[in-house]
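Take a look at the structure below.
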Amino acid sequence: MTFNSLVFAAFLPVVFCLYWFVFGRNLKWQNLFVVAASYVFYGWWDWKFLILIAITSFFSWVSGLLIYKYKDERRKARWISAANIILNLGILGLFKYYDFFAQSFADLFLGGKADGILLHLILPVGISFYTFQALSYSIDVYRGKIEPTRDIIQFFAYVSFFPQLVAGPIERATNLLPQFAQKRVFDYSQGVDGLRQILWGYFKKIVIADWCGVYVDEVFSDIPGHDGVRLAVAAVLFAFQIYGDFSGYSDIAIGTAKLFGIKLMRNFATPYFSRDIAEFWRRWHISLTTWFRDYVYIPMGGSRRSKARVALNTMVIFLVSGFWHGANWTFLAWGAFHALLFLPLILTGNNRKYKEIVAEDRRLPNLKEFGQIVLTFVLVTVGWVIFRADNLPQAWSFFAGLFHGNSLDDLKFFGNMTFLSRAVWIFVMLLVEWVDRREEHGLSMRNTRCRAVRYAIYFAVILVTMLYFDDGSPKFIYFQF
Amino acid sequence: MSKFVRHCLLFGVVLFLLFSAMDFCCSKVAERSDRQPFNIWHDIMGGTVDADVVALGNSLVTLDFNTEYLDSTLGVKTYAMGFSGSQFDRQSYMYSLYRSRNRPPKVMVNFIDQRSMSLTKRVPDKEQFFPWFFDKDFRRVVFPVEGFSLADRFIPMWRWREFNFNLFLSRLDSHITKGFKYVSYSLSPFPEASSKPMRFGSDIVALTPLWEEYLSRNASEGIRTVFVVPPMYNSYFYAPGCKELLDSTFQAFARRYGANFLDYSSLSIKEDSTCFRDPYHLNGKGSEVFCETLSRDLRNLVLMDKNP
C-alpha cells in the first residue's frame with residue numbers, strides 16, 4: 001500500500017478510529033493492533049515478504065535480550081551483537097547486493113557471463129530502512145544506551161510501525177521504543193499539526209515530484225535527443241522531484257505518526273536553503289545521515305583523528321551512504337562526489353560553520369547567503385544527475401550534452417502554459433518553505449494567526465493537490481532503497 | 001479525541017460543500033463554453049442540432065466538413081459532429097445521445113479513416129463529459145465506455161484532476177460554425193509520416209457489431225448513410241494494405257445496408273500543402289475545395305435520391 005493511493009485514504013481513518021476508540025484502553029492490544037495494521041499495510045504490496053520483517057524483528061529482539069543478559073561478559077555480548085548484525089546485513093546483502101557483486105565478479109573474471117550465478121531476487125520494499133532500524137536497537141543495547149524490551153509486541157511495533165516502515169525516517173530505539181512502552185494520549189494540537197504535515201507532504205509528492213518526474217523520465221530516456229538547455233532543466237527538476245518525493249513521504253509519515261500519538265524524528269530541514277555541502281548533509285535525510293554518523297563514522301574515530309584518517313573516514317562514510325541507496329556504480333560515484341565536496345570543509349574545520357538556519361532573524365538572505373545557497377544547490381544538482389543516471393556512461397553523456405546544441409529558441413519550450421502552470425508550484429513550495437524554514441514543516445501555520453486565511457490555505461492546497469493527482473501516480477522513489 | 005474527530009468531520013463537510021459549489025460552477029462554465037468539444041455536446045444534449053445532413057467521425061469531421069459552405073450549396077441544414085481522437089465505439093454513443101434528444105437527420109455522413117477504426121483506451125479530453133455527469137441518459141451510454149469511477153461521480157472536483165486548462169485558456173485560432181472549425185493557416189513544413197505500426201486490421205473486427213447495429217438502425221428508420229473517405233496530404237496516413245482493407249470493408253457495408261461509399265482520397269488537393277492544416281486535416285481553404293465536390297456528390301447521389 002502506498003500513501004498516494006485511494007486504498008490508503010480508506011485505510012488510515014479506519015486504523016485511526018480502531019486504534020483510539022477500540023484498542024485505546026489497553027496498551028498491549030493497541031501495540032498488537034499497530035503490528036497487525038502495519039503488516040496489512042506492508043503485505044498489501046506482497047505478503048510473502050512479511051516473513052523477512054518478522055525474522056529481522058525476532059532475531060533483533062532476541063539478540064537484545066541476550067546482549068543484555070551477558071552485559072558483564074563483553075566478549076559474549078559482542079559475538080551476539082555481531083551475529084545479529086551479520087544476519088541482518090546478510091539478508092539485506094542477499095536481496096539487494098548479491099546480483100551486483102556477482103555481476104561485477106563475472107565482468108572481471110568470467111568475461112561477463114553471469115547467467116548461472118545471478119539470483120534475480122525481488123528487492124523487498126523498504127528493506128534497507130527497517131534493517132537499519134532493527135540494527136540500531138541491538139547496537140544501542142550493546143552500548144548500554146538502552147535497556148532491551150521484554151515485550152515482543154512492543155518491539156515488533158517499533159520495527160514495523162507502518163508510517164515509516166518502507167521509507168523512513170529510520171528511527172532509533174532510544175526515541176521510538178519508549179513511546180510504544182507508554183500509554184499514548186491523544187493531543188489535539190499534535191493531531192491537527194499531523195494533518196497539516198500530511199497535506200504538505202501530499203502537495204510535494206503529487207504537485208511537485210510527480211510532474212517533475214514525467215519531464216525528467218522523458219529526458220533521461222533519450223539524452224542525445226535533448227539539447228543542453230533541456231538537460232539542464234531536467235537536472236534542476238530532478239533535484240525538486242527527489243526532494244518533493246522523499247521529503248513529501250517523510251512529511252506524510254511523520255504527520256501520520258502524530259495522529260497515533262507517536263513523535264518521529266525530523267528527516268528534512270529545508271536542505272535546499274543550505275549554504276554549503278556540510279549544512280546540506282545536516283538537513284537532508286537526517287535520519288540516515290545521523291545513523292551513519294553514530295554507528296559507522298564515530299566508531300571509526302570520526303573527526304578526532306589525524307587529517308589523513310579523517311579524510312579516509314569521510315570518504316568511507318559517503319561511499320557507504322551512496323552504496324546504501326542501491327547496488328549501482330552511480331550511487332558509489334554520487335557518494336564519492338559528495339565526499340570530495342565535503343572533504344575540504346572538514347579538513348579546514350569549516351564543516352560546522354553554518355549550524356543555524358539561514359537569515360535567522362531576517363526575512364530574506366543577504367547577497368552572500370543567496371549566492372552560497374545557489375552554489376550549493378548547483379553542486380547538489382550535479383550530484384543528482386549521477387544519482388539519477390542508469391549508469392556512469394549515461395551520466396557522462398548527460399554532462400557532455402549540456403554543452404551541445406543550445407540556442408535561445410530552446411527556451412521557448414519553457415514559456416508554454418502547461419510548463420509554466422506546473423513550474424510555478426515549485427516556486428510556491430520554495431516560498432512556503434522559506435517562510436516556515438524555522439518550523440518542522442512547510443504548513444505549520446505558526447505565522448498565520450487569522451483562522452480564515454489558514455482555512456483558505458488548507459482548501460487551496462487540498463484543491464491543487466487533488467487536481468494534480470493522477471491515478472497512475474508513480475511510487476515513491478525511495479521505496480526502491 | 002472526539003473533539004478532533006468532530007472537527008475533522010465538520011471540515012470534511014465544509015470541504016465537500018465548497019468543492020461541490022466549485023464543481024457546479026466549473027461544469028456550468030464548461031457547459032456554456034463556445035470552445036470545442038463542449039459546444040457540440042451542448043447542442044446534442046440540448047436538442048439543438050437541428051440538421052438534415054449530419055457528419056459523424058473524429059476531428060476530420062470538425063476540420064473537413066465545412067457546414068457554412070455546405071449549408072449554402074446544398075440548401076439544407078448540416079452539422080459537423082466531430083469527436084476528436086475518437087473511435088467508432090465513442091462515435092456510436094455520441095450518435096445514440098444525439099438521436100435520443102434531437103430530430104432525426106435525413107442523411108448521416110460517416111468520415112472513415114484508419115485512425116477512427118483502431119481502438120485505444122485513452123479518453124480523449126475527458127473534460128468534455130463533465131458538464132453532463134449527472135444526466136442519466138449520458139451516464140448510461142458514456143460511462144460503460146469511458147470507465148469513470150464512483151469517486152469521479154461522487155467526490156466533488158475529483159474528476160477535474162489533470163484538467164486540460166488549454167481547453168479554456170488557449171486562444172481561438174479559428175471560428176466555429178455548427179461543429180465545423182475554420183482554420184486559416186497551413187502548416188509548413190509538414191512533419192514526416194508516422195512510422196508507428198497501424199492496428200486497423202485487428203480492430204475493425206471488434207467494431208463491426210457496432211457498425212452493423214448503427215447501419216441497420218439507420219436503414220430501418222429511412223436515414224441514408226454515406227461513407228466518406230476524406231483526402232489526406234499525399235495519403236500519409238495509410239499504411240500498406242490498409243486502404244484496401246478500409247475500402248473492401250466499407251464497400252461491403254454499403255452494399256449490405258444500402259449506403260453510399262464516396263472515396264476522396266485521390267482528390268487533386270491531396271498534393272497541395274496550402275490546403276492542409278497538417279498532413280491529416282484540411283484547413284479552411286482545403287475544406288471549401290473538398291466540400292465543393294462533396295456537396296455535388298451528396299446532391300446528386302443522396303439528396304436527389306439517386307443511387308450510385
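The values are calculated or read from the model by the stated rules, or taken from the named source; none is laboratory data. Keep in mind the model is a prediction, meaning the values are calculated, not measured. Cβ sites come from the backbone with ideal geometry, for glycine too, and all protein chains shown count toward neighbours. Keep in mind that these areas ignore ligands, DNA and RNA; they rest on the heavy atoms of the full protein, side chains included. Shrake-Rupley method; radii C 1.70, N 1.55, O 1.52, S 1.80 Å.
Here are the numbers for this structure:
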{"quantity": "Candidates A:LEU18, A:LEU50, filtered to the one that is more than 14 Å from chain B (Cβ to nearest Cβ), open to solvent by 20 Å² or more (accessible area, probe 1.4 Å) and without any contact (Cβ under 8 Å) to a residue 60 or more places away in the chain", "calculated": "A:LEU50"}
{"quantity": "Condition check for A:PHE95: among the aromatic types (Phe, Trp, Tyr), touching a helix residue (DSSP H, G or I) at 6+ places or on another chain (Cβ under 8 Å) and under 30 Å from A:ASP390 (Cβ atoms)", "calculated": "yes"}
{"quantity": "Number of the condition not met by A:GLN190 [criteria: (1) surrounded by fewer than 20 Cβ atoms within 10 Å (Cβ to Cβ); (2) touching a helix residue (DSSP H, G or I) at 6+ places or on another chain (Cβ under 6 Å); (3) over 23 Å from A:MET445 (Cβ atoms)]", "calculated": "(3)"}
{"quantity": "Long-range neighbours under 7 Å by Cβ, at least six apart or interchain, first residue farther than 19 Å from B:LYS181 by Cβ within segment B:38-50, second among the acidic types (Asp, Glu)", "calculated": "B:MET45/B:ASP135"}
{"quantity": "Residues of segment A:321-356 that turn out to be surrounded by 15 or more Cβ atoms within 10 Å (Cβ to Cβ) and among the β-branched types (Val, Ile, Thr), as a count", "calculated": "2"}
{"quantity": "Count - residues of segment A:135-166 that are over 24 Å from A:GLN30 (Cβ atoms) and under 20 Å from the mean Cα position of the chain (by Cα)", "calculated": "1"}
{"quantity": "Where B:VAL5 falls short, out of the listed (1) part of a helix (DSSP H, G or I); (2) hydrophobic (A, V, I, L, M, F, W, C); (3) buried (at least 17 other Cβ atoms within 10 Å of the Cβ)", "calculated": "(3)"}
{"quantity": "Helices (runs of 4 or more DSSP H) contained in segment A:221-321 and holding at least 3 residues not assigned by TED's automatic domain parsing to the domain that holds A:ARG388", "calculated": "A:277-283, A:286-292"}
{"quantity": "Hits in segment A:290-320 - residues which are open to solvent by less than 40 Å² (accessible area, probe 1.4 Å) and either of a type in the set (Ser, Thr, Tyr) or at positive phi (or both)", "calculated": "A:THR290, A:TYR295, A:TYR297, A:GLY301, A:GLY302, A:THR314"}
{"quantity": "Tally, over segment B:188-231, of residues that are surrounded by 14 or more Cβ atoms within 10 Å (Cβ to Cβ) and either touching a Lys or Arg at 6+ places or on another chain (Cβ under 6 Å) or modelled with pLDDT of 90 or more (or both)", "calculated": "15"}
{"quantity": "Inter-residue pairs, beta-carbon under 8 Å, first of a type in the set (S, T, N, Q) and in segment A:422-445, second open to solvent by 10 Å² or more (accessible area, probe 1.4 Å), 6+ apart", "calculated": "A:SER444/A:ASP193; A:SER444/A:ARG196; A:SER444/A:ASP436"}
{"quantity": "Neighbours by Cβ (under 9 Å, 6+ apart or cross-chain): first from segment A:197-213, open to solvent by 10 Å² or more (accessible area, probe 1.4 Å); second hydroxyl-bearing (Ser, Thr, Tyr)", "calculated": "A:ILE198/A:THR256; A:LEU199/A:TYR458; A:LEU199/A:THR465; A:TYR202/A:THR465; A:ASP210/A:TYR468; A:ASP210/A:SER473; A:TRP211/A:TYR468"}
{"quantity": "Qualifying positions in segment B:60-100 - farther than 22 Å from B:LEU119 by Cβ, outside any helix (DSSP H, G or I), in contact with an Asp or Glu (Cβ under 9 Å, 6 or more places away or on another chain) and open to solvent by 10 Å² or more (accessible area, probe 1.4 Å)", "calculated": "B:VAL76, B:LYS77"}
{"quantity": "Single residue of segment B:8-56 satisfying the filter (touching a strand residue (DSSP E or B) at 6+ places or on another chain (Cβ under 9 Å) and surrounded by fewer than 15 Cβ atoms within 10 Å (Cβ to Cβ)) that is farthest from the other protein chains (Cβ to nearest Cβ)", "calculated": "B:ASP50"}
